[in-house]
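To start, the structure under review is shown below, and the notes come after it.
A short reminder: the numbers here are calculations on the coordinates, not readings from a lab. These numbers come from a predicted model, not from an experiment. Cβ coordinates were reconstructed from backbone atoms using ideal geometry, including for glycine residues, and neighbour counts include every protein chain displayed.
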Ligand code: GDP
Ligand code: MG
């Protein structure tokens, strides 16, 4: 069995995903590609918890602010904030309100290239420009411009860890060790075995 199969990532179905009754649709997309659910929980996170989540990487706030300003620059539009810090702070305040507005479902998913695979299936951050066929591209219509003008976070159904390092830190925040279940799925042989011997009787 390949050791690549052990990579893990965090997915959070955000309150809009729960309210839109998309839990089954979203989980189906991760299951059918071959990823394994190794942890799951359903609760209403506190604003403090969300603050902690988005501050695990101290650079994140400034980076998201820079990205936000750049998105306006590219479109030749005037941004509703002046500095990356100001933009980042606004996004984080919006995220605290958004993510604690109702129940979310957190999932720990495991499988080869879990982090990159989940990001591919989830799609780009802004639903307006996420690819067709991705979860964000297929099921939601929000934009940076509409969210920023209305002073809220972009509603895009899902959080997914952006890198292996982010996944390790985020999984440690969202799940205790004993809440992650080690077990085998029958299909793992087909996905990861080197020699598919013994199939034919
Ligand atoms: P993700 O990894 O694709 O979720 O994107 P980021 O880590 O960059 O941002 C985290 C979340 O903040 C996103 O999923 C959005 O909900 C929200 N967000 C990101 N960028 C912006 C922005 O420029 N404006 C607003 N209003 N919200 C944003
Ligand atoms: Mg991110």
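Measure nothing but the geometry: give the 0 to 90° angle between the long axis through the Cα atoms of 84-99 and the longest principal axis through the Cα atoms of the chain, rounded to 10°.
Tilt of helix 84-99: around 60 degrees.
Quick one: length gained pulling residue 44 to residue 146 fully straight, 0.36 nm per residue minus the C-alpha distance? Intermediate results must be reported in sequence, preceding the final value.
On the way: separation 102, 0.36 × 102 = 36.72 nm, distance 2.54 nm.
Here the segment from residue 44 to residue 146 would lengthen by 34.2 nm.
Describe numerically, in nm with one decimal, the distance between label points set 7 Å from Cα along Cα→Cβ at residue 129 and at residue 199.
Distance between label points: 4.2 nm.
Once you sort the root eigenvalues of the Cα gyration tensor of segment 8-192 as a ≥ b ≥ c, which label holds: rounded (a/c under 1.5), prolate (a/b larger than b/c) or oblate (the other case)?
On the way: a/c = 1.89, a/b = 1.61, b/c = 1.17.
Verdict is prolate for segment 8-192.
Full extension from residue 63 to residue 181: what is 0.36 nm times the residue separation minus their Cα-Cα distance, to one decimal in nm? Intermediate results must be reported in sequence, preceding the final value.
Details: separation 118, 0.36 × 118 = 42.48 nm, distance 3.37 nm.
Here the segment from residue 63 to residue 181 would lengthen by 39.1 nm.
Given an 8 Å cut-off on Cα distances and at least 6 residues of separation, report the relative contact order of the chain as a percent.
34
Between helix 60-74 and the chain, what is the angle of the helix's C-alpha long axis to the longest principal axis, kept within 0 to 90° and rounded to the nearest 10?
Long axis of 60-74 versus the principal axis of the chain: about 70 degrees.
Can you give the angle from 0 to 90° between the axis of helix 164-174 and the longest principal axis of the chain, with both taken from C-alpha atoms, to the nearest 10?
Between helix and principal axis, roughly 90 degrees.
Sticking with the crude label model, points 7 Å out along Cα→Cβ, report the distance from residue 75 to residue 19 in nm, one decimal please.
That separation, rounded to one decimal, is 2.2 nm.
At 0.36 nm per residue, minus the direct Cα-Cα distance, what do residue 163 and residue 83 gain on full extension? Give it in nm, one decimal, please. Intermediate results must be reported in sequence, preceding the final value.
Working: separation 80, 0.36 × 80 = 28.80 nm, distance 2.56 nm.
This chain segment gains 26.2 nm when fully extended.
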